[in-house]
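Have a look at the structure below, then the notes.
Throughout, read-outs are computed from the coordinates displayed, never taken from laboratory work. Because the structure is predicted, anything quoted here is derived from the model rather than measured. Because the Cβ atoms are built from the backbone with ideal geometry, glycine has one as well, and the counts that use them run over all protein chains shown.
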Amino acid sequence: MTMTQSPSPPNSNDDKPQAVSEVAQEANQAQQDVGAEAAKQSVPASVFVNSEPIREDQVSNAVKFLSHPKVRGSPVIYRRSFLERKGLTKEEIDEAFRRVPDPTSSSKPASLNQDGQAKSSSNVQTQAPIQTPQPVAVAPTGIASLEGRQFHWYHAVSAVGLLAASGCGTALLIKKVIIPKLKLWVRKVVLEEENDYAKKIDAKPSLAEEAAAAAKAAAAAASDVAKASQEMLNSKNEERRRFEEFMSLMDAQVQEMKSMSNSIRKLGGQASSSGRVFSDHDDHRVSASSTKQSYANGKVDVNVQLEGRSSTPPASAEPPHPKSYMEIMEMIQRGEKPSNIREVNDMPPNPNQPLSNPLIAPRTKPWDAQNGSDHQVLQSQTSAEGLNQNGQDDGLNYLLDDESSTPWWQRKNVRITEIENEDEVKDTGPYGVRTNEQPPPPIQRTWVPPRPPPVAMPEAAEAIRRPKSTPKETATQEQSADGQSAAHPSEVTDELQRITKMSESVGALEMNGGFSTGNSAVIQEQENSYGEN
Amino acid sequence: MPVFKTPFNGYSVRFSPFYESRLAVATAQNFGILGNGRVHVIDLSPSSPVINELIAFDTADGVYDVAWSESHDSVLVAAVADGSMKVYDTALPPQANPVRSLKEHAREVHGLDYNPTRRDSFLSASWDDSVKLWTLDRPASLRTFREHAYCVYSVAWNPKHADVFASASGDCTVRIWDVREPGSTMIIPGHEHEILSCDWNKYDECLIATASVDKSIKIWDVRNYRVPVSALNGHGYAVRKIKFSPHRRNLLVSCSYDMTVCLWDFMVEDALVGRYDHHTEFAVGVDLSVLVDGLMASTGWDELVYVWQQGMDPRTA
């Protein structure tokens with residue numbers, strides 16, 4: 001038997017995920033993967049674990065998403081599900097959840113006083129898509145909330161509109177109401193004047209006399225006035241003369257005084273006349289022109305989209321349901337029950353009914369066989385002869401395949417027949433349980449139990465597998481037969497160690513090219529266990 | 001190619017991993033909206049293209065999925081719409097069935113998968129947003145994985161790593177889990193719409209395919225899951241179920257509400273390599289045989305189960 005490269009399970013922890021033997025190339029690649037992940041995780045990681053580092057931009061997007069007040073009101077599971085759908089890994093989501101309380105409390109300390117401020121600053125800090133429904137929602141509802149500078153122009157536009165409307169209204173009003181009134185009034189006045197004129201003609205003569213009398217009186221008055229004004233003029237002239245005389249006297253006195261002061265100055269020292277200088281201080285106020293209003297941009301550019309996702313299928317496709325399907329749905333919705341349902345009792349009559357013994361050993365899978373360890377190559381070569389012996393393991397006694405016809409379902413297309421020879425399912429050798437079988441082929445093809453992945457840390461595996469009270473078994477075929485005995489927890493660790501040792505021994509034996517007594521010992525044990533049950 | 005007519009609308013079909021000619025079919029009355037359910041175990045007759053029913057089990061509520069045990073050749077598990085799972089043993093007399101009723105989910109159980117590597121445990125995916133891990137010998141679940149935000153439609157064990165599985169959910173993500181870890185180890189936000197099915201590539205354990213309501217199937221490599229390896233478009237409506245071939249590395253089959261079953265080779269430029277439009281209603285269940293290369297089966301709401309060999313027309317006699 002050839003020395004093979006089949007990795008025996010407990011060789012190294014790195015090989016653990018590759019428990020089934022593989023081509024060396026794949027093993028190297030797996031080791032590289034594991035090597036990359038080993039730095040991250042202490043437990044030797046498999047390919048099925050995400051090994052990417054945490055992406056900071058995704059985490060910050062997630063934090064913004066989670067900080068939004070609307071998101072905060074939603075259940076946690078929906079928040080997580082949303083972030084997962086966006087492609088965040090578990091670590092990134094956990095990190096975002098961890099960070100969420102901190103940024104909101106540190107960056108908005110003062111804004112908690114005013115709701116408007118908080119809302120506007122949260123508008124600034126959080127993401128666009130939440131806000132696009134917000135302004136759209138608020139604007140149609142009117143100008144109820146005046147917070148936020150975005151609503152200014154809405155306000156102005158509506159004010160202008162109102163003014164225009166009122167202007168039009170008043171214009172119409174004027175046209176329709178006031179002008180007719182004006183016209184009426186004018187007409188009325190004209191009519192009155194006409195009436196008055198008519199009356200005046202009658203009273204004309206008396207008027208003339210009165211006018212004459214009035215004119216005389218006026219003349220008399222005028223003459224009186226003339227006289228009076230003349231007197232006033234005279235008096236004014238006299239006053240002017242007197243004033244001028246007085247002025248001249250004053251001038252003379254002033255001159256005398258000047259000369260006297262000059263003489264005094266000359267005589268006595270010079271007296272300084274102090275004058276005050278008054279200067280006006282202009283208050284130059286520098287007016288700070290700092291009233292620049294900054295409009296915060298309400299939209300923050302964030303990648304995370306928050307539009308509500310609908311879970312309906314793509315737009316085109318609601319597949320056409322069968323007609324009776326729709327009928328039944330309508331019946332259900334109306335509350336009717338379809339008539340063909342009957343009461344069925346499908347409970348087990350004996351819940352502890354033991355299962356019957358398996359008649360056939362499990363067959364190796366074609367993918368296991370093909371990629372199998374090299375010691376199975378020998379099996380495949382010899383199995384070419386036993387190609388048609390698949391039928392013999394069926395529990396039905398019909399035509400054996402060395403006779404003329406193969407079952408119809410095995411008739412394949414010619415082109416794939418050749419290839420299939422190598423891929424045929426490996427026959428698992430019959431046990432002594434079978435009675436009416438052909439004599440086994442010359443080389444004993446024995447059943448190799450699928451190797452369970454070795455337990456690197458039995459304690460951890462056991463701890464994880466202990467869901468409630470009883471632990472899960474790491475079962476290969478042999479152990480499941482002994483199932484009842486392993487229910488005692490005390491024996492579990494022993495079981496695990498026994499299992500790992502047994503698989504090791506099987507692996508070791510196989511490495512030696514194994515159809516040796518090791519395998520038969522395993523099979524003997526199984527036979528015995530079947531015999532017991 | 002034979003046809004099997006079920007009285008109720010088909011929901012799922014699975015080949016037995018032990019017997020080449022045996023299949024299980026999950027059906028539900030009234031399209032699964034409200035009504036009884038039935039699990040059929042059918043068998044292909046070798047000589048003539050005829051399908052016989054071996055046994056059928058009735059349930060109180062519709063059966064959405066069925067899975068064969070990998071350890072016991074006669075045992076199968078059915079996922080029922082009332083939140084329970086029924087375990088049947090065909091080797092026992094019919095009166096002894098079901099042998100177990102596992103009721104823990106709060107809502108419909110929509111998906112089941114049996115571990116093909118360790119063969120001892122199976123997973124249930126439910127509309128109550130959780131996935132549960134069970135073994136046949138225990139009446140209670142071993143683990144509950146609750147992280148999805150919406151219905152979990154499908155679970156699939158990794159074909160190489162016995163502890164790793166994936167779940168596809170209506171919250172538009174696929175999560176990779178390891179039963180040794182308390183929570184999911186990877187989240188793939190694969191589609192913008194609900195993901196109805198997922199399956200691992202049997203020959204490259206890092207490749208996983210997801211099928212979504214957005215009519216596309218995407219192939220992802222978990223080592224670089226931000227960008228899909230490939231996107232397969234061609235279905236006219238939501239893709240309901242996908243399955244990677246157990247025999248060919250690049251082959252995958254899908255069924256859709258557009259009533260077709262399609263065969264894809266995702267490594268090829270023009271990925272669609274086959275299309276079967278034999279169903280006259282939604283095709284909701286499809287499976288490829290592990291034991292016989294090229295053998296495939298499908299079922300749909302037209303109450304028919306077809307079994308045919310790849311390359312042949314399923315409707316020919």
So how long is each side of segment B:160-278 along the principal axes, counting just the alpha-carbon atoms, biggest first, in Å? 43, 29, 24
With charges only on Cβ, +1 for K and R and -1 for D and E, what is the dipole size of segment A:212-261 about its Cα centre, in debye, rounded to 20? 240
Average beta carbon contacts from partner chains per residue of A:357-366, 10 Å cutoff: 6
Under 5 Å from the placed amide H of B:Val273, counting only residues 5+ away or on other chains, we find B:Leu263, B:Trp264, B:Asp265
For segment A:56-99, what does the equivalent ellipsoid look like in terms of its semi-axes, each the square root of 5 times an eigenvalue of the Cα gyration tensor, given largest first in whole Å? 15, 12, 8
Percentage relative contact order, chain B, counting C-alpha pairs under 8 Å, at least six apart: 14
A:Ser261, A:Ser60 arranged by Cβ crowding within 10 Å, fewest neighbours leading: A:Ser261, A:Ser60
In whole Å and largest first, what semi-axes does the C-alpha gyration tensor of segment B:3-309 yield when each eigenvalue is scaled by 5 and square-rooted? 26, 23, 18
What is the order of B:His235, B:His278, fewest Cβ neighbours within 10 Å to most? B:His278, B:His235
Which value results for Rg/Rh of segment B:1-68 when Rg is the Cα radius of gyration and Rh the Kirkwood radius based on the inverse mean 1/r? 0.99
Amide H within-cut-off set for B:Leu196, under 5 Å, with H built and near neighbours excluded: B:Ala211, B:Ser212, B:Val213
May I ask you to sort B:Glu205, A:Glu330 by Cβ crowding, counting other Cβ atoms within 10 Å and putting the fewest first? A:Glu330, B:Glu205
Each label point is 7 Å from the Cα along the Cα-to-Cβ direction; what then is the distance between the points at A:Trp185 and A:Met260, in nm? 7.4
Computed on Cα atoms, Rg of segment A:212-261 relative to 2.2 N^0.38 Å comes out at 2.21
